[in-house]
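*Asks:* Starting off with a structure, shown below.
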Amino acid sequence: MFDRDKWQEIFGTISQNKLRTFLTAFSVAWGIFILIVLLGAGQAFRNSAQDQFMSDAINSLYIEGGQTSTAYDGFKPGRKIELTNADYDLVKSKIHTIDNTSAAFDVRKNATLKYKNETASYTIRGCLPEHGFLERVALLQGRFINQIDIAEYRKVCVLGVPVKEVLFKDEDPMNKFIEVAGIPFKVVGVFKDPSDRDNNRIYIPLSTAQRAYNGKYLDVLWATIDDKAVGKSEAVVEQAREVLAKKYHFDPKDLNAVKIYNSALDYIRVMNLMDGIKIFIWVIGIFTLIAGIVGVSNIMMIIVKERTREIGIRKAIGASPSSIVMLIVQESIFITGVAGYIGLVLGVGVLELLNKLGVEGDFFKRPQVNFSVAISATVLIIVAGGLAGLFPALRAAKVEPVEALRSE
């Protein structure tokens, strides 16, 4: 492999056919470049999808009230099912495969908030302490709602960053009082939602929200499925529906009576779709690379034909067929290896440039390829180079010295 004479011959052949070698190498480099860029783009789509799910707990169930669409157990269709605190306790006690639970009551979507001379309209959400974990809120100041707040009906609130900036500007909001739909609440924390989707709201204790704003019903019950039961999330959904169906006398098969959103199932579906896209990208990239490899193989065939007389002389003076094969394969691997590495570096460079320029959107985040992909691409280049040179090399090894010496 490191025979100096062989490398001199390889470089000599390349220098005699610079344009031909460059065009061949370019096709290989382009194939690897396209593969890396496409894989980086595919990873950006995957990152975006994961971020959308990671803004909340992935293995979540969202249960909302609805309206019956079929007659059942003597009851007519069209009944409105509204969830209560008792339903929260019922679901929590009956379904043992859920671990974190919360309930929420949206007081108003555009409630008036006031601090000194500043006013603004934001959503007020009454919730339980575990809501912060389920929303994955990042506390920037203070704390979230706690159990004492719930038990004592405290008038405390946690502000999203935009709410804090509008009402308080550069002033520290901690322990200050704001008017929330006409009722004073003490600010005990400031939060930032990882997805920026739920920043335009304030959180207050659920018990306080229901008492102060006459809230009899819940907008949503929220629970996370135990990690061991995530694979059986659909069974958990059916169990939750059956528990509520028994209480409210509706058909468990009536999906409109109670609406249950299973984020775990959606996450699995989306990730499977992303895996399918990744496989599709590999197929496209490999076929693009094959086009370049075919070019390399054709060039090596031409080289073998041009060097038929030389190969015949080598065999006449004792060169073994394996040494002839290794010479051709080595040259092929060298050309594809260098070209492929250049394509790999350029592809990674383009992805890094996109990251530095901040070329992102809601569905395209952090385009990148990991180390394992780079290793896989490198192995692919070497294998492809070897295959590109193997068939011309085997043909060269079969050359008879007498016939080769007669060739022009």
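*Asks:* Distance cut-off 21 Å, Cα to Cα: go down the list 192/356; 155/216; 116/192 and report the pairs above it.
*Replies:* With Cα atoms farther than 21 Å apart: 192/356; 116/192.
*Asks:* Hey, what's segment 91-145 come to in accessible area per residue, 1.4 Å probe, Å²?
*Replies:* Heavy-atom SASA per residue in segment 91-145 reads 49 Å².
*Asks:* Shifting gears a bit: Quote the FRET efficiency, to the nearest 0.05, computed for residue 298 versus residue 345 with a Förster distance R0 of 35 Å and r equal to the Cβ-Cβ distance.
*Replies:* The formula returns an efficiency of 0.85 here.
*Asks:* Explain nothing, just compute: Karplus ³J(HN,Hα) = 6.51 cos²θ - 1.76 cosθ + 1.60, θ = phi - 60°, for every residue of segment 331-344 in order, whole Hz, x for Gly and Pro.
*Replies:* Karplus values, whole Hz, x for Gly and Pro: 5, 5, 5, 4, 5, 5, x, 5, 4, x, 5, 4, x, 5.
*Asks:* Roughly speaking, what is the centre-to-centre gap between segment 19-44 and segment 129-177 when only Cα atoms are used, to the nearest Å?
*Replies:* 51 Å
*Asks:* Show me, for segment 291-296, the HN-Hα J-couplings you get by feeding each phi into the Karplus relation (A = 6.51, B = -1.76, C = 1.60, θ = phi - 60°), rounded to Hz, glycine and proline as x.
*Replies:* 4, x, 5, 4, x, 4
*Asks:* Once fully extended, how much extra length lies between residue 18 and residue 246, figured as 0.36 nm per residue of separation less the alpha-carbon to alpha-carbon distance?
*Replies:* Fully extending the segment from residue 18 to residue 246 adds 74.0 nm.
*Asks:* Let me ask something additional. Using amide H atoms built 1.01 Å from N in the peptide plane, name the residues 5+ places from residue 81, or on other chains, whose amide H lies under 5 Å from its own.
*Replies:* 66, 67, 68
*Asks:* Taking amide H atoms as placed 1.01 Å from N in the peptide plane, list the residues 5 or more away in sequence, or in a different chain, whose amide H sits under 5 Å from that of residue 122.
*Replies:* So residue 122 has HN proximity to 111, 113.
*Asks:* At 0.36 nm per residue, minus the direct Cα-Cα distance, what do residue 271 and residue 290 gain on full extension? Give it in nm, one decimal, please.
*Replies:* The residue 271-residue 290 span can extend by a further 4.0 nm.
*Asks:* How big is D for segment 79-188, in µm² s⁻¹ as a whole number, if Stokes-Einstein is applied with the Kirkwood radius of its Cα pairs at 37 °C and 0.692 mPa s?
*Replies:* Answer, rounded: 212 µm²/s.
*Asks:* Treating the Cα atoms of segment 216-279 as identical point scatterers in vacuum, please give the log10 of the normalised Debye intensity I(q)/I(0) at q = 0.15 Å⁻¹, two decimals.
*Replies:* Normalising to I(0) and taking log10 leaves -0.59.
*Asks:* Determine the per residue accessible area of segment 153-205 with all protein chains present and a 1.4 angstrom probe, expressed in square angstrom.
*Replies:* It amounts to 42 Å² per residue over segment 153-205.
The values are calculated or read from the model by the stated rules, or taken from the named source; none is laboratory data. Everything numeric here is computed off the predicted structure, so don't read it as measured data. Cβ sites come from the backbone with ideal geometry, for glycine too, and all protein chains shown count toward neighbours. Protein only, heavy atoms only, side chains kept; ligands, DNA and RNA dropped before computing areas. Shrake-Rupley method; radii C 1.70, N 1.55, O 1.52, S 1.80 Å.
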